[in-house]
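This report concerns only the one structure given below.
The values are calculated or read from the model by the stated rules, or taken from the named source; none is laboratory data. Every value quoted in this text rests on a predicted model; they were computed, and no experiment measured them. Counting neighbours? That spans all protein chains shown, and the Cβs are built from the backbone with ideal geometry, glycine included. Ligands, DNA and RNA are excluded from the accessible area calculation, which covers all protein heavy atoms including side chains. Shrake-Rupley method; radii C 1.70, N 1.55, O 1.52, S 1.80 Å.
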Amino acid sequence: AQSVAQPEDQVNVAEGNPLTVKCTYSVSGNPYLFWYVQYPNRGLQFLLKYITGDNLVKGSYGFEAEFNKSQTSFHLKKPSALVSDSALYFCAVRDLGSSASKIIFGSGTRLSIRP
Amino acid sequence: DGGITQSPKYLFRKEGQNVTLSCEQNLNHDAMYWYRQDPGQGLRLIYYSQIVNDFQKGDIAEGYSVSREKKESFPLTVTSAQKNPTAFYLCASTLDPSNQPQHFGDGTRLSIL
């Protein structure tokens, strides 16, 4: 079965420091991976995706993610955190099982950036 | 601007009452989705529709119903059979489920009176 895991419920980083939000996946074929961000009382916003190609994917708001096939990971990164990056982040993988129309979301990681 | 509109933003349900959450999109997307979000549990799929007049149950469809009579509209009814409906409900759509991201509305927060 396809699955995605976000091992950290919360990540705390000082403003200006680099940040990493972790994600690991389990799929039977080639993974299609996504990162989304959610601000309070809002819907999810798409940040970036990995389908194929370069293992380092660049996305919105200065975020990037590194696809690592051997470690089955897709960690979200940013070189210098901003207070405005504080939000809930979701990793997701396309469900290649019963229906390719479905996406499986991780449980989310709350990112808190202190000034 | 194209997007997804969910209404109302807040909704209150009495015991034994059915309520309907609206979701409208002007992105010309074929595929639409309903998710339920509870604290600490991420998003769980309720129903999805790949095309007009067709929809499938997701992981937690019991106590919910949907219709897809128009491409741009995918309303969700929370029936009285759903015993714990208090949650944040999110509607989403995508141009191509195989490789494109989903676009989300800003949600409806449903509470029990």
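Figures for the structure shown
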read-out	value
Within 10 Å of each Cβ in B:92-99, the average number of Cβ atoms from other chains	3
Rel. contact order, % - alpha carbon contacts under 8 angstrom, at least six apart, the stretch B:32-113	25 percent
Mean separation of Cα contacts under 8 Å (6+ apart) over length of chain A, as relative contact order %	37 percent
Most mobile of A:GLY29, A:GLY59, A:GLY16 in a GNM of chain A (Cα contacts under 10 Å)	A:GLY29
Peptide A:35-47 - average C-beta neighbours from other chains (10 Å radius)	5
Positive-end extreme of charge dipole, chain B - chosen from B:TYR64, B:SER49, B:PRO97 (charges on Cβ)	B:TYR64
Cα-centre dipole for chain A with unit charges at Cβ (Lys and Arg positive, Asp and Glu negative), debye to 20	140 debye
Per-residue SASA entry for B:TYR35, accessible area with 1.4 Å probe, Å² rounded to 10	0 Å²
Beta bridge orientation in chain A: antiparallel %, DSSP, nearest 5	85 percent
Largest to smallest accessible area among A:GLU64, B:GLU69 [probe 1.4 Å]	B:GLU69, A:GLU64
Rounded percent of accessible protein surface that carbon and sulfur make up, chain A, 1.4 Å probe	47 percent
Accessible area expressed per residue, the stretch B:1-56, with surrounding protein chains retained (probe 1.4 Å, Å²)	53 Å²
Where chain A is the region considered: accessible area per residue in Å², 1.4 Å probe	46 Å²
For chain A, built as a Gaussian network whose Cα springs stay under 10 Å, the top-fluctuating residue of A:ASN30, A:ASN17, A:ASN41	A:ASN41
Qualifying lysines (Cα of each under 26 Å from Cα of B:LYS83; at least 8 residues distant if same chain)	A:LYS102, B:LYS9, B:LYS14, B:LYS57
Accessible area that becomes buried as B packs against A, both chains, 1.4 Å probe, Å², nearest 100	1800 Å²
Whole-percent carbon and sulfur share, accessible surface of chain B, 1.4 Å	46 percent
Ranking by accessible area, most exposed first, for A:ARG114, B:ARG13 with a 1.4 Å probe	A:ARG114, B:ARG13
DSSP bridge orientation in the protein assembly as shown - percent antiparallel, rounded to nearest 5	90 percent
A:PHE34, B:PHE55, reordered so the largest accessible area comes first (probe 1.4 Å)	B:PHE55, A:PHE34
Cross-link reach list, aspartates and glutamates versus A:LYS49, counting only Cα pairs under 18 Å and skipping chain neighbours closer than eight places	A:GLU64, A:GLU66, A:ASP95, B:ASP96
